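K.L.:
My questions will all concern the structure given below.
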Amino acid sequence: MPYESSRFIDLTEEEIEAYQEAFTEKIKDAVSSFQPDIIHSHHLWLMTSTARLLFPDVPMVTTCHSTDLRQYLNCPHLRGKVTGACRKIDRIMALGRDQAEQIKTLYGIAAQNIHIVGGGFNDTVFVEVNKPPIPPYEIVYAGKLSCAKGVPWLLRTMKRLSRLPLRLHLLGSGSGEEEKLCKTLAAELGSRVILHGRVCQQELAGIMGNSHLFVLPSFYEGLPLVLLEALACGCRIISTDLPGCREILGRSENDMLKLLPLPSLEEVDKPFERDWPQLEAMLAEAITEQVKHVMDGSRPAPGVITALTAPYTWENVFSRIEAVYDEALLNTYRSRFTVKMSD
C-alpha cells in the first residue's frame, strides 16, 4: 500500500489478536454511540466477522471488494476466524456475477443472501469534453504502481512503440521495490511518461478528459470503477479480460473497447515469465489499433457509452444498496416476529 502497512499473511497470532481487540473496542463504541438499525461493513474479513460476533442481533450487510477474497485465498490459516461469522451476515453485496459466485463457493453463503449491487462513479465529475489535437496520442493509467496492476508491462510495451507519438500519464503511487521498478522504467522513457502521483477526483477527471486512451493492464481486479470514469470522459479503453472488467465492458461490441485475454497465471496476480514477450506484443498491437481509431476519428453509436455507464452512477447504485437494506431489515424483523409468535 502507498503508506506504512503490514500484510495479513505476515502477522503473528498475537498481532492478529491485537488487531481484533482494537476493532472490538471501536465497533462497540460506534454501536453504543449510534444505536444503529443496521450495520453496513466492508470486506468479508476479520473486522466484519468481529462485528457479526459482537452484535448478532443487529441486521448486518457487507460489501465485498474482491481484495477480501484475495486474503481468503492467500491466508488459509485465518479462514477459521472469518468463515462461520460471515455466513451469519444477513445480506452480502457483490460487485458482479463472478464475485458473487466466488463468495458462494469460498464462504458457503447461500445464493439468495448475495445481491449484485456493483460500484458507483460520480457522473457529474467524469464527463466527456473535447479531446486535444493529435499528435501526441495521450494515454492514461490510474491506479497503484505495482506489478499486479501490470504497470511494468505497460511501460515495457511503451518501449516497443517508440516510433509512435505517444505520451503516457501515470496516476497513482505504490510502495517498496515495485514502485521503484515502475519509476525506473518510466524514467527510461523520458518525456514520453509523466508521473502525476496521487490526484483528487477532479484532477483525475481533467486528465482523463484530455486523454485519448485509457489502459488498465491489471492481473487482478474487482469491479474497476476507473474504467467507467474513463469511458464517461470519452476515452478509448484497453483492459485485461478479467471478470470484473468483462462485467462492465463485455456487454457492448464497439471499437472503443478492447479486452486482452490473459495466459494462465503463476499466482493469482502474476504471469509466468515465459509469457512476458507475448503479453507485450499483444498490448503493443492493441495500443496501435486504438491509436488508428483515434486518428480516424471513429466514435460509437450515440448512447452506447451512456448505456454502459448508466447502471453504475451513484444514484443507481445507491437505489440497489437501499433495496438490500430494506430486505435485510424486513428479514430480521420477520424472523423475530415468527419467534415471538411461536413462543
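K.L.:
With +1 on each Lys and Arg Cβ and -1 on each Asp and Glu Cβ, how big is the dipole of the chain about its Cα centre, in debye rounded to the nearest 20?
P.N.:
Values: 36 positive and 43 negative charges, 121 e Å.
That gives a dipole near 580 debye.
K.L.:
While we're here: Using Cβ counts within 10 Å as a stand-in for footprinting exposure, how do Ile27, Ile9, Ile248 rank, fewest first?
P.N.:
Details: Ile27 19, Ile9 11, Ile248 26.
Going from least to most buried by this count: Ile9, Ile27, Ile248.
K.L.:
Another question about this same structure. Per DSSP H run of n ≥ 4, the term is -39500 (n - 2.57); total these for the chain, divide by its residue number, and report the mean residue ellipticity at 222 nm rounded to 500 deg cm²/dmol.
P.N.:
Details: 13 runs with 157 residues, N = 343.
Roughly -14000 deg cm²/dmol at 222 nm, from the helical runs in the chain.
K.L.:
Would you look at the GNM of the chain, springs on alpha carbons closer than 10 Å, and say which of Glu327, Glu280, Glu25 moves the most?
P.N.:
Residue with maximal mean-square fluctuation among Glu327, Glu280, Glu25: Glu25.
K.L.:
Relative contact order (percent) for the chain, with alpha-carbon contacts under 8 angstrom and 6 or more residues of separation?
P.N.:
Details: 520 pairs, mean separation 57.7, N = 343.
With pairs under 8 Å counted, the relative contact order is 17 percent.
K.L.:
Rounded to whole Å, give me the distance from the Cα center of the range 204-254 to that of the range 61-134.
P.N.:
For the range 204-254 versus the range 61-134, the Cα centre distance is 18 Å.
K.L.:
Rounded, prolate or oblate, given the Cα gyration tensor of the range 137-309, with a/c below 1.5 counting as rounded?
P.N.:
Numbers: a/c = 1.37, a/b = 1.23, b/c = 1.11.
Because its axes are fairly even, with a/c under 1.5, the range 137-309 counts as rounded.
K.L.:
On a straight-distance basis, which lysines could pair with Lys104 in a cross-link, Cα separation under 19 angstrom, same-chain partners fewer than 8 positions away excluded?
P.N.:
Counting by Cα, and skipping residues close in sequence, Lys104 has these lysines nearby: Lys81, Lys88.
K.L.:
Right, another one. Dividing the Cα radius of gyration by the Kirkwood radius, what Rg/Rh value follows for the chain?
P.N.:
Values: Rg = 22.1 Å, Rh = 22.0 Å.
Here the Rg-to-Rh quotient is 1.01.
K.L.:
Need one number: % antiparallel among DSSP beta bridges in the range 137-309, to the nearest 5. Please list the in-between numbers first.
P.N.:
Details: 2 of 22 bridges.
Around 10 percent antiparallel, to the nearest 5.
K.L.:
Show which lysines lie in cross-link reach of Lys258 when reach means a straight Cα distance below 27 angstrom and same-chain residues fewer than eight apart are skipped.
P.N.:
Candidates past the 8-residue exclusion: Lys131, Lys144, Lys149, Lys159, Lys183, Lys270, Lys292.
K.L.:
Taking only Cα atoms and a 10 Å spring cutoff, compute GNM fluctuations for the chain and point out the largest among Phe55, Phe23, Phe34.
P.N.:
Judging by the Gaussian network model, the answer is Phe34.
K.L.:
Sticking with this one: Rounded to the nearest 5, what is the percent of antiparallel bridges among the DSSP beta bridges in the chain? Display every interim value, and only then the final one.
P.N.:
Values: 2 of 33 bridges.
Within the chain, antiparallel bridges account for around 5 percent of the total.
K.L.:
Given the options Pro243, Pro271, Pro132, state which has the largest fluctuation in a GNM of the chain using a 10 Å cut-off (strictly under) for Cα springs.
P.N.:
Result: Pro132 has the largest fluctuation of those listed.
No lab work stands behind these numbers, since they all come straight from the coordinates. Being a predicted model, the structure only gives us computed values, none of them experimental. Glycine gets a Cβ as well: all are built from the backbone with ideal geometry, and neighbour counts include every protein chain shown.
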